[in-house]
Protein chains: 2
Amino acid sequence: MTEATPNVDMEKLVSLCRRRGFVFPSSEIYGGLSSSWDYGPLGVELKRNIKEAWWRAVIRERDDMVGLDTSILMNRKVWEASGHLERMVDPLVECKNCHQRWRADELGEPKCPSCGGDLTEERMFNVMFKTFAGPVEEEASVVYLRPETAQGIFVNFQNVLNTTRKRLPFGIAQIGKSFRNEITTGNFIFRSREFEQMEIEYFIKPGTDEEWFEYWLKERLQWYVTHGIKREHLDTYEHPEEKLAHYAKRCCDVIYKFPMGWAELEGIANRGDYDLKQHTAVSGKSLEYYDAATNEHFIPYVIEPSAGVDRSALAFLADAYTEEPDKDELRVLLRFHPDIAPLKVAVLPLSRKENLAAYARDVYADLRREWRVEFDDTQSIGRRYRRQDEIGTPFCVTVDFQSLEDNRVTIRERDTMNQIRVPISELKTTLSAKLGGEDLFVLPPGGEIWKVEKEADSA
Amino acid sequence: MTEATPNVDMEKLVSLCRRRGFVFPSSEIYGGLSSSWDYGPLGVELKRNIKEAWWRAVIRERDDMVGLDTSILMNRKVWEASGHLERMVDPLVECKNCHQRWRADELGEPKCPSCGGDLTEERMFNVMFKTFAGPVEEEASVVYLRPETAQGIFVNFQNVLNTTRKRLPFGIAQIGKSFRNEITTGNFIFRSREFEQMEIEYFIKPGTDEEWFEYWLKERLQWYVTHGIKREHLDTYEHPEEKLAHYAKRCCDVIYKFPMGWAELEGIANRGDYDLKQHTAVSGKSLEYYDAATNEHFIPYVIEPSAGVDRSALAFLADAYTEEPDKDELRVLLRFHPDIAPLKVAVLPLSRKENLAAYARDVYADLRREWRVEFDDTQSIGRRYRRQDEIGTPFCVTVDFQSLEDNRVTIRERDTMNQIRVPISELKTTLSAKLGGEDLFVLPPGGEIWKVEKEADSA
């Protein structure tokens, strides 16, 4: 067994994503829109699976969490109170010669990195997208596209308390689009102006924040490992105190070894009571919590694990990418965790002959009631296995002429290429168990080991 | 059995939604933002279920559909080509006296409906939200928030063809936020400036469009019925030819009897080849389809079933709302279809006594691995049943002292209030079957009918 190549460069990944329908440049026929991306038929399923796995882990399987879905356009007082209007600014400079624009704090020396020209004085630039609600473009109708989903949670804190009877510690989580008018974007879907967040605001008693911070850091790091990211490609990065965002008491990132280097995958922040206090002050509405046990009123602290759907997708793609020498060829496969894989199963009839095709179609129709399944009857079986490997489908079900006689089909595993043969009546249960992580060679009644790849001599 | 009240007025529904955490006014602590809404802990689950049911029906269980997830910010040439820049305009007038603004085409007479004042001349107002990508507010950097998800599909038509090998007829579907700067909004979540769409673009051979139009109209209407909307609350409305949108050859709405009256739930449009033709002309990139069987190149026609997530949510809420006289009280319940219900099961221990609570917690922990489940041990059992009725939970599982001895629990059905008692080992399978639509009185091994409500004499 040859060791798989551990890494992938960005170019290769972007090319696969585009070729197989994971990610396309947005508005491509019009020359695109800077750092804007569309998710194709496989990409949308990948993203859905990531979001679903997150929702299940942080909400459905927990006792202390509820979800929320707040709007992108909010009253702009929200951003006055949160400090984003004043402080979410980047220092901008422009080259006097070629007119390219740069973030002053990212430049090594005061010369244009592109042409060496002189730069203008820096001016502060707010990264919130501004628009107007209502028909007149006037100051009074300015609204912003939210730069984070978090504030939608804070301003609803009291609403959630009133309607759910949750007691501390408890969390509110939401998934949604946010927008930042970044001067510098790039690295494929890693940083774009429009992105999707998965944010948790976990409310706790002041004084318990350090312990909950550690809890969530560990919990969130583990989530990536559970869903297939290699532990050695993950690390943590503690933000130095002088570089913390205006709302943060502490911030530690879960970082991932992306194709372009180590970078933030998720940020865990201790926001203290900053946000609830600010909203209380500016709105005049109390966002206090009453603890009946101790008869205390106080503003809770909050720990915020904030993840990006797009950069999670990039991490899952990069980490799954594998090249293996296979006979005279190179086998490319995406070793996705079954929960993350866009397709769970492919049904492949060995031939297009009428009776075989009909049998395979029945198998397909039955399986897709449970999972996202593909049917493929083109080209040689070897080529079709490679197609499924390259998009990360964990299992192929092959229907051959013998199936018509013995009502048995072959299950082929993506990672090992090993195969077992099972009665059709056991197929669904077996696939269900394998997708849940059971070893391929645990056989159902009537099942048998069919082909062990390392002993096989042809593809 | 008393006949359920068939309808609900908007005020009652808004009040329930707010009280129980379905929908809150957005940015409420700051006085809100006109017609902007946030979905609370139950609302977000309701919306997720609607989207999931749609995705399953239109993509996963079909052979001829793929998904897509395109960005909200697109190159503005998209909107030049689609005609939205020029034609997505409303006639705006302003009252010279009180300065309120109105849509001229919605006014009966040329006087302000609010104060009777004189109105200004009408001017055309584009309903697309405008913003700037990049740090300078200049004409060249103008981008729009998409007013429909459809165009993201059309501009990716060739990308999808190339990566999926789909052949006509086939469809592309997506769910996502769209934005329209409406002058007139209102009717709760029925019409807001920010809303979520579920759109299908179904590509077909020209000449087969009428037949596919009828197919999708029937299919989509049936989807609502399958998921619990009463057939008699649904109808269709054919748009008169002179009122069709600029891209449409025909348009027929699925309309629903909302609390405020009959209104559009979903629009089915025959967009012909308008969009693909326009994008071909403006981008210079061919969006033709090659039919290998007939050796023809042509631009496909498209049928578009376009649904709103928010107004679907409103329809599901309104249709589920029921009031029933029950003893001396009024029982309020939401008769959601199990697939749509935010919570599937509630686990209710009869008392908080230690051993009973622990047993019930175990049942709860086990069930929530499968479904969204709530645990509730407050107040009397009767009050807890009413709580679950009011949020539409299809089944309650009651754990009593006898459960500790005989390992059996009670399943109580929301709509009939009937109860069966089943061995704990059969609970998951039984609930799964009931949530799938099986009659409550089909009993698992060892199960028995426990309480038939119409024969019972106390709550």
Between the Cα axis of helix A:354-367 and the main Cα principal axis of chain A, the angle (0 to 90°, nearest 10) is 40
Copies of B:L404 compared via label points 7 Å along Cα→Cβ give distances in nm, shortest first, of 6.4
The farthest towards the positive end of the charge dipole of the protein assembly as shown, of the residues A:Y321, A:A433, B:L244, given +1 on Cβ of Lys and Arg and -1 on Cβ of Asp and Glu, is A:A433
Helix B:274-283 sits off the longest principal axis of the Cα atoms of chain B, rounded to the nearest 10 on a 0 to 90 degree scale, by 60
Taking A:Y144, A:Y237 and counting other beta carbon atoms within 10 angstrom, the fewest-first order is A:Y237, A:Y144
The alpha-carbon center of segment A:134-165 and that of segment A:410-441 are separated, in whole Å, by 48
Looking along the axis that carries chain B onto chain A, the residue of B whose Cβ comes nearest, with distance in whole Å, is B:T131, 2
Over chain A, the sum of -39500 (n - 2.57) across DSSP H runs of at least four, divided by residue number and rounded to 500 deg cm²/dmol, gives at 222 nm -8000 deg cm²/dmol
Footprinting proxy, A:D377, A:D253: sorted fewest to most Cβ within 10 Å, the residues are A:D377, A:D253
Reduced to Cα centres, the span from segment B:66-127 to segment B:181-259 in Å works out to 22
Out of A:F298, A:L46, B:L73 - ranked by how far each Cα lies towards the positive end of the dipole of the protein assembly as shown, with unit charges on the beta-carbon of charged residues - the top one is A:L46
Distances in nm between the label point of A:E109 (7 Å along Cα→Cβ) and its equivalents in the other copies, shortest first, are 7.7
Taking Rh as the Kirkwood radius computed over alpha-carbon pairs of the protein assembly as shown and applying Stokes-Einstein at 20 °C with viscosity 1.002 mPa s, one gets a diffusion coefficient in µm² s⁻¹ of 72
Plugging the Cβ-Cβ distance of A:D406 and A:E453 into 1/(1 + (r/R0)^6) at R0 = 22 Å yields, to the nearest 0.05, a FRET efficiency of 0.45
Computed for chain B: size of charge dipole around the Cα centre, +1 on C-beta of each Lys and Arg, -1 on C-beta of each Asp and Glu, debye to nearest 20, value 1020
A student applying the Cα gyration tensor rule (rounded when a/c is under 1.5; otherwise prolate if a/b is larger than b/c, oblate if not) would label segment A:1-126 oblate
With one decimal in nm and the nearest listed first, the spacings from B:K12 to its own position in the other copies, using label points 7 Å along Cα-to-Cβ, are 6.4
Going through A:K177/A:K285; B:K12/B:K243; A:K130/B:K277; A:K166/B:K353; B:K51/B:K327 one by one, the pairs whose alpha carbons sit over 30 Å apart turn out to be B:K12/B:K243; A:K130/B:K277; B:K51/B:K327
If A:R250, A:R372 are placed from fewest to most neighbouring beta carbons inside 10 Å, the sequence is A:R250, A:R372
Of the candidates A:F203, B:A360, B:G446, the farthest towards the positive dipole end of the protein assembly as shown (Lys/Arg Cβ +1, Asp/Glu Cβ -1, centred on the Cα centre) is B:G446
Quick shape check on segment A:343-451: root eigenvalues a ≥ b ≥ c of the Cα gyration tensor, a/c under 1.5 is rounded, otherwise prolate if a/b tops b/c, else oblate, and it reads rounded
Trypsin sites (Lys or Arg not before Pro) in segment A:132-168 lying in a DSSP loop, each with at most 15 other Cβ atoms within 10 Å of its Cβ, come to A:R165, A:R167
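Computed from the coordinates by the stated procedures, all read-outs in this text should not be read as laboratory data. A quick note: this is a predicted structure, and the numbers were derived from the prediction, not measured. For neighbour counting, all protein chains shown are included, and Cβ atoms are generated from backbone atoms with ideal geometry for every residue, glycine included.
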